[in-house]
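Note sheet for the following structure.
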Amino acid sequence: MLAPTDSSTTFALTRPIKLDPHSFYLVRHGQTTLGAEGKYQGRKEDVELTDLGRAEVAALVPFLPSIPIFCSPLIRTVQTSKIISQALDIPFITMPELVDASIGDWGGKTLVECEKSFTSLLRIQHEQNLSMDFPNGESTAELKERTSWLLHKVSAPAIIVGHQFPLQILTCLVADIPTHLARKLWMDEASLSIVRPNRIDVLNFKNRTITA
């Protein structure tokens with residue numbers, strides 16, 4: 001997530017990215033109320049963007065081309081999409097396949113709280129940044145299945161606004177990366193990943209200050 005500090009640099013984005021007709025422009029939603037507390041969100045935690053989250057998304061807009069926009073139906077992604085949609089003057093479409101993962105016991109908890117219930121296998125998978133099935137939640141296989149359906153409905157180029165775990169799986173499918181490596185593709189809040197076969201370009205705001 002974006003965590004402004006006194007030593008951070010305030011900056012604005014003004015350079016547009018050249019349109020690649022074969023790419024998906026994957027945008028993770030901006031900072032949320034739970035994200036600001038360092039807590040996992042998931043499908044059930046349908047929270048809103050913070051003022052900082054809205055500012056992060058607005059700063060990302062100049063990097064986005066004027067192409068169709070698709071998003072998860074949750075509040076934080078709809079709010080993110082509205083900012084992009086209004087700036088680009090392009091309507092957005094919600095897609096149920098893009099909804100956040102059902103993260104079961106992790107919902108609304110910090111990583112420290114989740115680690116207390118880790119099995120030995122989960123701890124190894126977490127330490128190695130490998131995909132894992134969420135305790136009492138959605139599996140990687142289930143995430144992969146619904147994300148694959150999305151690719152039958154949406155063609156590049158397109159802006160896809162979503163959540164970290166589904167976007168990680170989508171990146172693997174498009175770039176032909178094994179899905180067990182999905183969690184190694186870290187996506188901060190309000191980050192942009194430009195993904196096409198065999199290539200990924202990432203614009204990441206981590207450790208920078210965005211002013212509202």
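Rule-based calculations on the coordinates, nothing more; no lab input. None of the values given here were measured: they were computed from a predicted structure. Cβ sites come from the backbone with ideal geometry, for glycine too, and all protein chains shown count toward neighbours.
Overview of values
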item	result
Test for residue 179: is it closer than 24 Å to residue 82 by Cα and among the hydroxyl-bearing types (Ser, Thr, Tyr)	no
First in region 160-172 and over 16 Å from residue 34 (Cβ atoms) and in contact (Cβ under 8 Å) with a residue 60 or more places away in the chain, second anywhere and among the basic types (Lys, Arg) and surrounded by 24 or more Cβ atoms within 10 Å (Cβ to Cβ), Cβ under 7 Å, 6 or more apart	162/28; 167/28
Every residue from region 22-56 that is in contact with a helix residue (DSSP H, G or I) (Cβ under 6 Å, 6 or more places away or on another chain) and among the polar types (S, T, N, Q)	31, 32, 50
All positions within region 73-108 that are surrounded by 16 or more Cβ atoms within 10 Å (Cβ to Cβ), aliphatic (A, V, I, L, M) and assigned to a helix (DSSP H, G or I)	78, 83, 84, 88, 98
Count of region 141-159 residues which are touching a residue at least 40 places away in the same chain (Cβ under 8 Å), closer than 28 Å to residue 115 by Cα and out of contact with any Phe, Trp or Tyr (no Cβ under 9 Å at 6 or more places or on another chain)	2
Hits in region 21-69 (condition: out of contact with any strand residue (DSSP E or B) (no Cβ under 9 Å at 6 or more places or on another chain) and of a type in the set (Val, Ile, Thr))	61
Meets criteria (in contact (Cβ under 8 Å) with a residue 24 or more places away in the chain and out of contact with any Cys (no Cβ under 7 Å at 6 or more places or on another chain)) for residue 91	no
Residue within region 60-68 that is over 21 Å from residue 168 (Cα atoms), out of contact with any helix residue (DSSP H, G or I) (no Cβ under 6 Å at 6 or more places or on another chain) and part of a helix (DSSP H, G or I) present	yes
Count of residues meeting criterion [touching a His at 6+ places or on another chain (Cβ under 9 Å) and assigned to a helix (DSSP H, G or I)] in region 173-200	1
Identity of the residue in region 127-170, in a loop (DSSP other than H, G, I, E, B) and of a type in the set (A, V, I, L, M), that ends up farthest from residue 102 (Cα to Cα)	156
